[in-house]
Amino acid sequence: MDVVRNFQSMSAKQFMGVQLFELVYLLTLAFLPFVLALPVVTYVVLTLASTVLFIAFLRKCLYRRVKAEGKVVFITGCDSGLGNACAHRLDSLGFTVVAACYDEKSDGARRLREECSSRLYIETLDIANENSVMKCVSKVKSLCGSKGLWALINNAGTVNFGDVELTPLESYRKVMDVNIFGTIRVTQACLPLIRTSKGRIITLTGIQGLMATPGFSAFSISKFGLEAFNESLRFEMKQFKVKVITVRPGNFSGATAMLNKAGLEKIKKSLDEVKTKASLEVRTAYGDSYIDQQYTQLTHLSKSSANNCSNVIDTLESAVSSTNPSPSYLVNGGNQLLDLGNVLIRLRPYLPTFLYEGLIQKYFG
């Protein structure tokens, strides 16, 4: 009975850890006779294992945190999802947090007021509006004083779904204005404050910034653009000792506003509009059920996503608080043993084009 209670009290992450340990243990028992029979294989396996353990140990030993007290972190897109969870986490660590919300009366903003300390400030921000950005950054500046802004987390964004031929040009413009120009607008306004503190700029892009999939052309264009923006900015800021960090969450879409219940409802409404506005020739070419099938695929993708954003929040915490953060992070998500999108990104340089595209079509088509 005690064993049953222990399993019932485990979190999903702990349970998966136990399952992974058992899998490794069984594989070790299965292959141990073959390894022992071939000394060369034994040496190679031991060398690789030792190297991995040494690198992990070295990273653990070299990890140092900055002192959170008095350091201001500015986060965009805190109404829900990653931004909201990150604001909670950094506030709990002792940072002064400016949580920018599109709607300061949203449920997410209300929870931040109720659950966080007096160090957290909620400000209204529409990153696509110049006046809104300047007004919000002015308040951030008043909080920073002479120390400057320690970290900017560019999290706010929007998503659009639809094939190229079915997506109006205006939809592309809207996504670019928020995801690219909005991010640039906020970053430019904050750069003087960040240079003062020799702080850091952290931008979330996602796997769509490295891998374009069917139906996400507008979103992927914006994320590919942010990848380029971050890389250029990283080189430019080296002279000021400012760190520019890219965080790429894997399959967390169902746990964020991208493909959670509200996000799917928004996409369904958008796809219904596409059906009504499409010409007869386009509807005939694609077929009446094409868009409905796409929506069904999105619901399947949402169900395959991680149930929560804790891995991403852990990564953002490290990016903000580590004295020597990595310039980029690829964060595994999904509710399976492997995040298939991240696996494809890592294997892409080694896969023939026909195989890579076949896998994309199979899992994301």
Members of Lys67/Lys198; Lys139/Lys223; Lys147/Lys243 lying beyond 19 Å, as alpha-carbon distances in this model show: Lys139/Lys223
Taking amide H positions as placed in the peptide plane 1.01 Å from N, state which residues far from Leu204 in sequence (5 or more) or on other chains have amide H under 5 Å from it. Asn154, Val247
In Å², rounded to a whole number, the accessible area per residue of the stretch 215-254 with probe 1.4 Å is 40
Please report the carbon-and-sulfur percent of the accessible area for the chain; probe 1.4 Å, protein heavy atoms only, DNA, RNA and ligands left out. 60
If one computes the Cα centroid of the stretch 258-281 and of the stretch 79-140, what distance in Å separates the two points? 29
May I ask you to list the aspartates and glutamates whose Cα is less than 17 Å away from that of Lys71, ignoring any residue fewer than eight positions away on the same chain? Asp91, Glu317
In nanometres, what is the gap between the two model label sites at Ser106 and Phe181, each 7 Å from Cα along Cα-to-Cβ? 2.1
Restricting to Cα pairs under 8 Å and 6 or more apart, the percent relative contact order of the chain works out to 15
Residues with amide H under 5 Å of Leu120's amide H, sequence separation 5 or more or different chain, H placed in the peptide plane at 1.01 Å from N; which? Val97
Just tell me which aspartates and glutamates come within less than 15 Å, Cα to Cα, of Lys266; anything on the same chain fewer than 8 places away is out. Asp292
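Assuming 0.36 nm per residue, please report the length gained on full extension of the stretch Leu93 to Glu170 beyond their Cα-Cα distance.
Numbers: separation 77, 0.36 × 77 = 27.72 nm, distance 4.16 nm.
Taking Leu93 through Glu170 to full extension adds about 23.6 nm, to one decimal.
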Go ahead and estimate [θ] at 222 nm for the chain from helices alone: -39,500 (n - 2.57) per DSSP H run with n ≥ 4, summed, over the residue count, rounded to 500. -18000 deg cm²/dmol
Mind ordering 239-252, 76-89, 162-175 by average Cβ neighbours within 10 Å, highest first? 76-89, 239-252, 162-175
Probe 1.4 Å, heavy atoms of protein chains only: per residue, the accessible area of the stretch 259-365 in Å² is 59
Highest mean first, what order results for 228-235, 298-305 on Cβ atoms within 10 Å? 298-305, 228-235
Sort 286-293, 332-339, 50-57, 123-130 by the packing proxy (mean of other Cβ within 10 Å over each peptide's residues), most packed first. 123-130, 332-339, 286-293, 50-57
Could you tell me what percent of the DSSP beta bridges with both partners in the chain are antiparallel, to the nearest 5? 5
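The values are calculated or read from the model by the stated rules, or taken from the named source; none is laboratory data. Only a predicted model underlies this, so the values are computations on that prediction, with no experimental measurement involved. With ideal geometry, Cβ positions are generated from the backbone for all residues, glycine too; neighbour counts draw on all protein chains shown. Surface areas here come from the heavy atoms of the whole protein model, side chains and all, with no ligands, DNA or RNA. Shrake-Rupley method; radii C 1.70, N 1.55, O 1.52, S 1.80 Å.
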